[in-house]
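Step one of this worksheet: look at the structure below.
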Amino acid sequence: MRAHLRNGDRYERLADGFGVGVATVCRYVHEAVDLLADLARSLTAALRALAWTWRNFAVLDGTVVQRAATSPATTREANRAHAATRARGERGLAVLKTWNVFTRFRGCPRRVGTFARAVLTLEDAFHE
């Protein structure tokens, strides 16, 4: 599973490496991704956890959501705050990009979110 998500290995290569059929690899990948995605927090749960942490940010559909609103005194302070907020969102996207399955996603476009939740579940497990 990690070989496919981390390296973006094709099903044919995985099938050859594990000595099973391509259909078996496809089924195993789909089942494992679905199981891992089910372990991920829901958006509501993630936002609730975010609300109870200090100075965290979320990027929702390209929009940065800050937990505590501040009113900067100058444009320079506003730009600095915006850059700091944007950097955190970009860091989260950079973590997802290290999983090469997203470099050239070969699955159904409707399953990209499921794969992202599965990857984030693995990321959370590795960093605990």
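The values are calculated or read from the model by the stated rules, or taken from the named source; none is laboratory data. Because the structure is a prediction, the values reported are computed rather than measured. Glycine gets a Cβ as well: all are built from the backbone with ideal geometry, and neighbour counts include every protein chain shown.
Looking at D16, D9, which is the one that is under 21 Å from L120 (Cα atoms) and modelled with pLDDT of 75 or more?
D9
All but one of (1) out of contact with any Phe, Trp or Tyr (no Cβ under 8 Å at 6 or more places or on another chain); (2) without any contact (Cβ under 8 Å) to a residue 60 or more places away in the chain; (3) not small (G, A, S) hold for R111; which doesn't?
Unmet for R111, out of (1) out of contact with any Phe, Trp or Tyr (no Cβ under 8 Å at 6 or more places or on another chain); (2) without any contact (Cβ under 8 Å) to a residue 60 or more places away in the chain; (3) not small (G, A, S): (2).
So in region 1-40, with the set limited to residues that are aromatic (F, W, Y) and more than 21 Å from the chain's Cα centre (by Cα), which one is surrounded by the most Cβ atoms within 10 Å (Cβ to Cβ)?
Across region 1-40, the extreme among qualifying residues is Y11.
What number of residues within region 70-91 are surrounded by fewer than 14 Cβ atoms within 10 Å (Cβ to Cβ) and either within 20 Å of R6 (Cβ to Cβ) or in contact (Cβ under 8 Å) with a residue 24 or more places away in the chain (or both)?
1
Residues D124, D34, D38: which one is of a type outside the set (G, A, S), at pLDDT 85 or above and more than 17 Å from H4 (Cα to Cα)?
Of the residues listed, the single one that is of a type outside the set (G, A, S), at pLDDT 85 or above and more than 17 Å from H4 (Cα to Cα) is D38.
Go through region 62-90 and count every residue that is in a loop (DSSP other than H, G, I, E, B) and either at pLDDT 75 or above or within 18 Å of V119 (Cβ to Cβ) (or both).
So the first thing to find is which residues in region 62-90 are in a loop (DSSP other than H, G, I, E, B), and the list is 62, 67-74.
Now drop any that are not either at pLDDT 75 or above or within 18 Å of V119 (Cβ to Cβ) (or both), which leaves 73-74.
Within region 62-90, residues that are in a loop (DSSP other than H, G, I, E, B) and either at pLDDT 75 or above or within 18 Å of V119 (Cβ to Cβ) (or both) number 2.
Please find, among R117, R106, the residue that is surrounded by fewer than 16 Cβ atoms within 10 Å (Cβ to Cβ) and either more than 24 Å from R27 (Cβ to Cβ) or among the basic types (K, R) (or both).
After ruling out the rest, the residue left standing is R106.
Mind counting the residues in region 91-120 that are over 19 Å from L35 (Cα atoms), assigned to a helix (DSSP H, G or I) and of a type outside the set (G, A, S)?
Looking only at that region, the number is 5.
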